[in-house]
Amino acid sequence: MNYLAHLALAQPTVPSKVGNLLGDFMRGVDAAQLPEPVRLGLHNHRLVDRLTDRHPDVMACRRLFSPPRRRFAGVAMDVLFDHFLLRHWARFHDEALAASVARDYQLLLQGRPLMPAPMREHVSRLVAHDGLRYYRSLEEVGQALDRIAGRIRFANRFQGVAEELAQHYDVLEQVFLTLYPQLQREVAAQALE
């Protein structure tokens with residue numbers, strides 16, 4: 001899952017929103033030094049990632065990707081799953097997407113003092129460019145993944161992975177539609193925050 005899903009599966013508080021995104025910005029951060037509510041949000045982020053990565057359908061979908069791109073299949077699916085969450089938001093959440101995103105932006109901006117510098121900068125850009133709603137189309141998903149491919153520090157063939165996402169779009173969508181409510185139930189059952 002990517003940013004939108006992690007925030008949707010967080011509690012509606014500043015520390016929770018910060019902690020649930022912090023999992024992607026942990027370089028140089030000592031989790032033991034975090035305030036407890038932020039650390040609990042981080043644990044929730046890791047729970048969601050673990051459940052997603054170990055889900056049998058997600059694991060099976062990795063084999064749909066060509067061998068040169070399979071190593072990055074998890075990244076591609078994480079971004080695509082945010083696209084599917086945008087498409088199917090009303091199926092899973094009572095609050096309107098626009099209201100939820102606006103609240104999340106406000107809470108993240110309030111939480112900047114709790115963030116490491118790289119995360120603060122990224123969150124500022126995310127809010128300024130309405131990044132949580134960027135993945136409305138498969139083309140936008142592909143553009144984002146191509147930017148990620150360009151930042152990988154070694155030679156790779158991840159560029160253009162959207163072609164493979166398009167090829168398997170319906171299967172991947174069904175996996176998301178099965179997975180997401182399971183994540184909602186497990187996050188509620190675990191009640192880490």
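If I filter the stretch 42-74 down to residues being in a helix (DSSP H, G or I) and touching a His at 6+ places or on another chain (Cβ under 9 Å), which single residue comes out as farthest from residue 173 (Cα to Cα)?
Selected residue: 44.
Determine, yes or no, whether residue 109 is open to solvent by less than 40 Å² (accessible area, probe 1.4 Å), closer than 18 Å to residue 10 by Cβ and either of a type in the set (Phe, Trp, Tyr) or in contact with a helix residue (DSSP H, G or I) (Cβ under 9 Å, 6 or more places away or on another chain) (or both).
Values: open to solvent by less than 40 Å² (accessible area, probe 1.4 Å): no; closer than 18 Å to residue 10 by Cβ: yes; either of a type in the set (Phe, Trp, Tyr) or in contact with a helix residue (DSSP H, G or I) (Cβ under 9 Å, 6 or more places away or on another chain) (or both): yes.
When the stated conditions are applied, residue 109 does not pass them.
Out of 26, 119, which single residue is within 15 Å of residue 6 (Cβ to Cβ) and in a helix (DSSP H, G or I)?
Every option except 119 fails the conditions.
Would you say residue 94 is open to solvent by 10 Å² or more (accessible area, probe 1.4 Å), outside any loop (DSSP other than H, G, I, E, B) and out of contact with any Leu (no Cβ under 8 Å at 6 or more places or on another chain)?
The answer is no for residue 94.
Can you name the condition, by its number, that residue 71 falls short on among (1) under 25 Å from residue 113 (Cα atoms); (2) surrounded by fewer than 18 Cβ atoms within 10 Å (Cβ to Cβ); (3) charged (D, E, K, R)?
The number of the failed condition is (1).
Considering only residues that are touching a Gly at 6+ places or on another chain (Cβ under 7 Å) and among the aliphatic types (A, V, I, L, M), look in the stretch 40-63 and name the one that is surrounded by the most Cβ atoms within 10 Å (Cβ to Cβ).
Out of the qualifying residues, it is 42.
Select from the stretch 164-187 the residues that are among the charged types (D, E, K, R) and at pLDDT 95 or above and list them in ascending order.
First, the residues of the stretch 164-187 that are among the charged types (D, E, K, R): 164, 170, 173, 185-186.
The answer is 170, 173, 185, 186.
May I ask you to list the residues in the stretch 26-39 that are surrounded by fewer than 18 Cβ atoms within 10 Å (Cβ to Cβ) and touching a residue at least 60 places away in the same chain (Cβ under 8 Å)?
Selection gives 27, 28, 29, 35, 37.
Residue under question is residue 143, and the condition is that it be modelled with pLDDT of 95 or more and in a helix (DSSP H, G or I); does it hold?
Details: modelled with pLDDT of 95 or more: no; in a helix (DSSP H, G or I): yes.
No; evaluated as a whole, the condition is false for this residue.
The values are calculated or read from the model by the stated rules, or taken from the named source; none is laboratory data. Model, not experiment: these values are computed from the prediction. All Cβ positions, even for glycine, are placed from backbone atoms using ideal geometry, and neighbour counts span all protein chains on display. Each accessible area value is taken on the protein alone, full model and side chains, heavy atoms only, with ligands, DNA and RNA left out. Shrake-Rupley method; radii C 1.70, N 1.55, O 1.52, S 1.80 Å.
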